[in-house]
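The values are calculated or read from the model by the stated rules, or taken from the named source; none is laboratory data. Bear in mind that the values here come from a model prediction, so they are computed numbers and not experimental data. FYI the Cβ positions are ideal-geometry reconstructions off the backbone, even for glycines, and counts take in every protein chain you see.
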Amino acid sequence: MFFYQNDNSVGGALHLETGRRIHYVFLLLVVFGGFFVFGLSENIRGPAILPIRTEFGLGESQIGFLLAINALGYLIACSFTAFLARKIGIRPTAVAAFLAMALSGWLIGLSANFAFLAASFFLLYIGNGMLEIGLGIIAARIFTKNTGAMMNLTHFFYGFGSMVAPVSAAYAMTLEIGSAGELGWRGMFPLLLSLSLLPIVPALLGKVPGDGSDEGKRISLKTIAADPSAWLIVGMLTFGVVSEMSVGSWLVYYLENVYRWDTERASGMLSLFFLLFMLARLLLGPVTDRIGYTKSVMLISAFAGLCGLAAVFLGEPAAILFALAGMGIAPIYPTVMAILAKRYARGLDTALTFTVTLLGIGNVAGNMFVGYIIDWFSLQAGYATIALLALVCSALSFALLIRLKRRREVV
């Protein structure tokens with residue numbers, strides 16, 4: 001009788017462990033697939049901007065309004081997603097985000113006027129904001145070991161989706177469907193954004209550990225806002241991300257105007273930047289686990305900033321340093337997410353809302369600041385500012401490291 005009970009106990013434990021592994025695989029598909037379609041959805045509009053402008057007769061100010069309303073939708077979604085996840089669960093929230101993104105693609109394709117088009121893009125970025133918070137919570141719940149490596153791997157899929165997005169969009173727009181002719185931008189958006197439906201299947205099958213079970217243990221928004229470490233983390237992330245986004249916005253323009261490179265050569269340097277960017281996220285994650293997340297952000301952001309400054313001051317012979325800076329910039333975002341996951345494990349949804357919302361505001365302000373520096377001074381001054389932002393990220397990381405060491409809370 002004793003051995004019979006013991007066998008049942010072992011069998012039950014094995015069954016439970018097998019079930020956990022199956023759920024883990026489903027959730028991996030949600031996170032990796034989700035970040036891939038997230039990157040895809042954010043970057044397929046590039047090839048479509050010109051035909052959209054032509055068809056609707058849009059001016060620069062209307063395109064600017066379209067981009068601004070995208071950012072607004074993203075920020076609004078970041079502000080309510082944590083509350084929604086607490087009320088209905090993380091998985092339903094992620095499913096709702098995927099559905100909103102897929103629906104927006106069809107609405108964009110059906111747009112009869114600019115107002116309808118803007119509202120459809122607004123819905124897309126509502127879905128994007130919900131997805132970033134939702135996937136961040138799921139990732140933190142399942143990546144309890146080797147968090148830095150897994151967060152970097154997760155954001156590698158975002159980078160991969162971003163990389164293939166413009167090429168996929170341009171190709172899809174040229175596809176011919178029978179006698180209807182080319183898909184164009186109206187067919188491209190519903191076609192590619194329908195890929196957002198694929199991660200719904202594993203999202204419905206997987207179970208997120210601890211979903212809805214720790215309501216009484218959550219750290220409040222007031223507590224996080226009163227924590228100086230939280231503000232240092234926001235600063236680290238904001239300066240790092242603004243530096244990252246500014247490279248994508250200005251590098252080609254810089255090389256064309258300062259070094260007189262042709263567009264193909266300049267675009268090749270940006271492509272090399274993103275290649276090294278993706279490789280860094282794929283390969284450097286385990287390093288962050290080994291040496292610590294805060295120290296890692298301090299070192300890699302300093303490397304990125306020094307590469308950028310050296311490239312500006314040494315001139316064209318050192319242009320390769322612009323691309324090498326991508327290896328330092330790339331791990332900043334996912335490694336800071338790992339810091340949040342470890343430090344605010346009992347209130348990650350609230351911490352993500354606080355951090356990502358302020359990041360969105362800081363990102364808009366930071367990119368405007370870089371643009372003003374270029375207008376007021378020069379492209380060299382603007383790009384040096386981009387590099388200095390990475391160094392500010394490093395300095396804030398050092399300040400956080402010192403603070404956490406004093407409190408014996410280093411992550």
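Considered as a group, the residues in segment 129-150 that are in contact with a Phe, Trp or Tyr (Cβ under 6 Å, 6 or more places away or on another chain) and not hydrophobic (A, V, I, L, M, F, W, C) include one that is farthest from V287 (Cα to Cα), and that residue is G129.
Here L99 clears all of (1) over 22 Å from the mean Cα position of the chain (by Cα); (2) among the aliphatic types (A, V, I, L, M); (3) at pLDDT 90 or above; (4) surrounded by fewer than 19 Cβ atoms within 10 Å (Cβ to Cβ) except the condition numbered (1). Would you check if there is a residue in segment 335-342 being modelled with pLDDT of 85 or more, surrounded by fewer than 23 Cβ atoms within 10 Å (Cβ to Cβ) and of a type in the set (V, I, T)? No, segment 335-342 contains no residue that is modelled with pLDDT of 85 or more, surrounded by fewer than 23 Cβ atoms within 10 Å (Cβ to Cβ) and of a type in the set (V, I, T). Applying a threshold of 6 Å to beta carbon distances and a minimum spacing of six or more residues, or different chains, the list of pairs starting in segment 240-266 at a residue that is within 30 Å of M337 (Cα to Cα) and ending at one that is surrounded by fewer than 16 Cβ atoms within 10 Å (Cβ to Cβ) reads V252/S267.
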